[in-house]
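Heads up: the structure comes next, in structure tokens.
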Amino acid sequence: MSKIVVTGLGIISPIGNSVAENHTALKEGRNGLSQLELFPTRYATLLPFGEIKITNEDFKKQLGVTQSGVTRTTLLALHAFQQAVADSGLSDEQLRSDDTALANGNTIGGMCLSDELYMDANKNEVGSEYISSYNLGSVNMYIQQRYGINGVVNTFNTACSSSANAIAYGARLIRNGFARRAIVGGTDSLAKFTINGFNSLNILSGAPCKPFDAGRSGLNLGEGAAFLVLEREEDAQGKKIYAEVSGWANTNDAYHPSSLSDNGDGPYLAMKEALEVAKLNPEQIGFINAHGTATENNDEKEGIAMKRLFETVPAFASTKSNIGHTLGAAGAIEAVYCILNLLHQEVYQSLRFENAIETTGLTPVTVYQKKELQHVMSNSFGFGGNCSSLIFSKAN
Amino acid sequence: MFYIHQSSCISHQPTFNDVDLEDLKPSEKNLVSAIEPKYENVPLGQLRRMGRALRMGVGTGMKLLGKHKVDGMLIGTANGGIEDSIMFLNQIHDYEEGRLTPTSFVQSTYNAIAGMMGMITVNHGYNATHVHRGLAFENVALDAAMLLRENPDNTYLIGGVDEISEKNHRLVSLAGWYRNEPVSNADLYKGDATGTLPGEGAAMFIVNNKIEGATARLVDLKMVSSHNENFVQQQLAAFLKKNNVEGKIDLFLQGENGDNRLLKYYTASENLMSADTTIARFKHAFGEFQTVPALALWLSNYALQNQKLPAHFIKRSGSAEFNRILIYNNYQGAQHGFMLVEKV
């Protein structure tokens, strides 16, 4: 069976507009959380957010977007997509080839334009330029049309695990012969809709979040996008190979629409099945980029699930302490971070951790350090009980 | 790809309990709305809080999940609970971002249908929601086909669901995709007009690799994203050739929707059919929505089992025996799906 390898990376997050910038910021343990500046909401100064300080107008100029109706969610995706494609050296012909697949995960689509949608849905007699851009499919509709992608095109939604599943889908399309290469990732932009949604659930923290800390008080929302180019190892001869995508799994916690079960059944099964796909034993995992949202529920249950599976829980951390929870983009952004772990043989610190949660006693990585790594795992869990784990392995 | 066993369907026609497609149920006020049945397999307390798409999806799925144990579930929906989304958005606006209740936020997430069914049946297996508009259901079917290669002994629930609600009807209307003038679904294909009639519904299937007890087999599928009808035609020709079924389609089930801007795609694909292929249409019965290919697959299953389709579906009579059916649907001239279905 062909190995599925990563030959291109693209990312934009609150701590950097490129892979290199994100790498430096992670090493330095930089905080990307701040007050909101780019759109009005009553929470702009009340809560910290992982906001990317580039306006939509500037993005459109940088990315050569001249069409109407392109929303921020698409702009972020396009930024990461262009980087990944250039990094992998895919030609225009390869993009147009019918064996090139495109998949992303996102949760907000064009609904980042909450006020415009409100007007279009309730008031306008003539639709705004965004009238056909609100649903989640709009991001890949734009990218597909702009680049003439002719293979399988898809959009995944499993809430906060959306882009982890988009990555797995791409790997499986290649493995099953439905694509030769796949450009996969995720995107989400900050929106009044999600800010108020998470606020109604009382899980937003008024301070920068503290993943896995006993005194954690909820999550911070962030925005960003990342894309990976996946190819068969034999097709990637002569290219830079960042890592192998070796394991994936999608399970359901089947317990509650918005919180995890006491034993973390869904997370446990996702991690366990991803190991089975990768044909690895638990002790071969050197590091876990945890879901680690810093909510009361997630961090405890994720910890319990890790302890169930691993005799000794591997080194783990949550990069949501740097950038917040980027929802549909989180799986893809954290996939890039896992690949940086492998590539540079190092682990990055979880910020603001002080005391372990009593029931688990688990302590994340708190200082940047070099570490020999063969296999790393990334967890993404979402509403609806959707749990996914991915495993990335060091390139030979 | 896989075998289809049980299925269930909610649509504008009586398709849920006693299926009766003989006489076309007329549209009302330019809507091809679903007839919602009495949902017997869904806990009442939960049903009461569900929005329309969630109710239809869970209701259609639970009818099958009550009888079959599955290893996972895959749902296609372009909009999820969009009425709940906009209800929550309006609350944000009306209460100026004050304290809001989370129900409509949590239920509006696109993955709520598959998530809810996973929760009700305590199913820890694969749980996916594909949302790529007019190809959401085709991606579900492809995902299921891959799962059944990876796990040959498994069984999955697959389906598609979307709702028409006041708000998304308004959005799509403003975008110019619906008829402005009053028209009955019986006259949908008459004349030369722009726009179509909105529909809604859900169709679900139990699928696996076992031939015993199966009613149909999905042989292959293909997705195309293009506005060019010649390219779509070439891709369909290649699809027929690859499957060695050129000139061998008994029934061509196509998604014409009365919008003159989309007719060229259907004409181009009809031109690839042989003279004795029966050509049938389904959107006068189900309306237009992104996941209507799930209902077309349900209808193909019906045609294979009954070996006939009521006259109102037929565009051109041909072969009287249905062994091999090709479904072609296109959404807004941008997304095209082909599904090849055979009798078992």
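Brief remarks follow.
- Condition met for B:ASP192 (surrounded by fewer than 18 Cβ atoms within 10 Å (Cβ to Cβ), over 21 Å from the mean Cα position of the chain (by Cα) and closer than 28 Å to B:GLY115 by Cα): no
- So A:SER97, is it more than 8 Å from every other protein chain (Cβ to nearest Cβ) and either closer than 14 Å to B:ALA136 by Cα or surrounded by 24 or more Cβ atoms within 10 Å (Cβ to Cβ) (or both): no
- Out of A:ASN106, A:ASN124, sole residue that is closer than 19 Å to A:PHE227 by Cα and either touching a Ser or Thr at 6+ places or on another chain (Cβ under 7 Å) or within 9 Å of chain B (Cβ to nearest Cβ) (or both): A:ASN106
- Identity of the residue in the stretch B:43-85, within 13 Å of another protein chain (Cβ to nearest Cβ) and polar (S, T, N, Q), that ends up nearest to the chain's Cα centre (by Cα): B:THR77
- If you go through the stretch A:254-276 and keep only what is outside any helix (DSSP H, G or I) and more than 20 Å from the chain's Cα centre (by Cα), you end up with A:ALA254, A:TYR255, A:HIS256, A:PRO257, A:SER261, A:ASP262, A:ASN263, A:GLY264.
- Residue within the stretch A:246-253 that is within 27 Å of B:MET116 (Cα to Cα), hydroxyl-bearing (Ser, Thr, Tyr), in contact with a helix residue (DSSP H, G or I) (Cβ under 8 Å, 6 or more places away or on another chain) and within 12 Å of chain B (Cβ to nearest Cβ) present: yes
- Any hit, the stretch A:37-57, residues being in a helix (DSSP H, G or I), touching a residue at least 12 places away in the same chain (Cβ under 8 Å) and within 18 Å of A:GLU334 (Cα to Cα): no
- Test: residue in the stretch A:214-224 that is within 13 Å of chain B (Cβ to nearest Cβ) and either surrounded by fewer than 24 Cβ atoms within 10 Å (Cβ to Cβ) or of a type in the set (A, V, I, L, M, F, W, C) (or both): no
- Top-ranked residue of the stretch A:163-184 - restricted to ones that are in contact with a strand residue (DSSP E or B) (Cβ under 6 Å, 6 or more places away or on another chain) and facing another protein chain (nearest Cβ under 8 Å), ranked as nearest to B:GLY125 (Cα to Cα): A:ASN165
- Taking the criterion of being touching a Gly at 6+ places or on another chain (Cβ under 8 Å), buried (at least 21 other Cβ atoms within 10 Å of the Cβ) and among the acidic types (Asp, Glu), the residues of the stretch B:255-311 that qualify are B:ASP259, B:GLU288.
- Listed by position, the strands (runs of 3 or more DSSP E) enclosed by the stretch A:277-396 that each have at least 1 residues that are crowded, with 22+ Cβ neighbours inside 10 Å and in contact with a Lys or Arg (Cβ under 9 Å, 6 or more places away or on another chain) are A:285-289, A:375-381, A:386-394.
- Those helices (runs of 4 or more DSSP H) lying entirely in the stretch A:132-225 with at least 3 residues under 20 Å from A:VAL65 (Cα atoms) and over 20 Å from the mean Cα position of the chain (by Cα): A:138-147
- Test: residue in the stretch B:146-153 that is assigned to a loop (DSSP other than H, G, I, E, B), among the polar types (S, T, N, Q), touching a Leu at 6+ places or on another chain (Cβ under 7 Å) and more than 7 Å from chain A (Cβ to nearest Cβ): no
- Annotation note: Cβ proximity below 8 Å between a residue of the stretch B:86-115 that is over 18 Å from B:GLY57 (Cβ atoms) and at the interface with another protein chain (Cβ under 7 Å from one of its Cβ atoms) and a residue that is of a type in the set (Val, Ile, Thr) and assigned to a loop (DSSP other than H, G, I, E, B) (sequence gap 6+ or interchain) occurs for B:GLU97/A:THR41.
- Test: residue in the stretch A:82-89 that is closer than 20 Å to B:LEU135 by Cβ and surrounded by fewer than 23 Cβ atoms within 10 Å (Cβ to Cβ): no
- For A:LEU343, the test of being modelled with pLDDT of 95 or more, under 21 Å from the mean Cα position of the chain (by Cα) and farther than 24 Å from B:ASN111 by Cβ is passed.
- Evaluated against (1) buried (at least 23 other Cβ atoms within 10 Å of the Cβ); (2) over 19 Å from A:ASP99 (Cα atoms); (3) facing another protein chain (nearest Cβ under 10 Å); (4) hydroxyl-bearing (Ser, Thr, Tyr), A:THR155 falls short on exactly one condition, (2).
- Residues of the stretch A:112-121 satisfying the condition of being hydrophobic (A, V, I, L, M, F, W, C) and more than 7 Å from every other protein chain (Cβ to nearest Cβ): A:CYS112, A:LEU113, A:MET119
- Every residue from the stretch A:193-213 that is over 20 Å from A:PRO14 (Cα atoms) and buried (at least 23 other Cβ atoms within 10 Å of the Cβ): A:ASN196, A:GLY197, A:ASN199, A:PHE212
- Condition met for A:GLY137 (within 7 Å of chain B (Cβ to nearest Cβ), free of Cβ contacts under 8 Å to residues at least 40 places away in the same chain and touching a strand residue (DSSP E or B) at 6+ places or on another chain (Cβ under 6 Å)): yes
- Residue within the stretch B:70-85 that is free of Cβ contacts under 8 Å to residues at least 40 places away in the same chain and of a type outside the set (A, V, I, L, M) present: yes
- Being away from chain B (no Cβ under 14 Å) and either under 19 Å from B:ASN90 (Cβ atoms) or not small (Gly, Ala, Ser) (or both) is a description that applies to A:LEU78.
The values are calculated or read from the model by the stated rules, or taken from the named source; none is laboratory data. Source: prediction; values computed, not measured. Cβ: placed from backbone, ideal geometry, glycine included. Neighbour counts: every protein chain shown.
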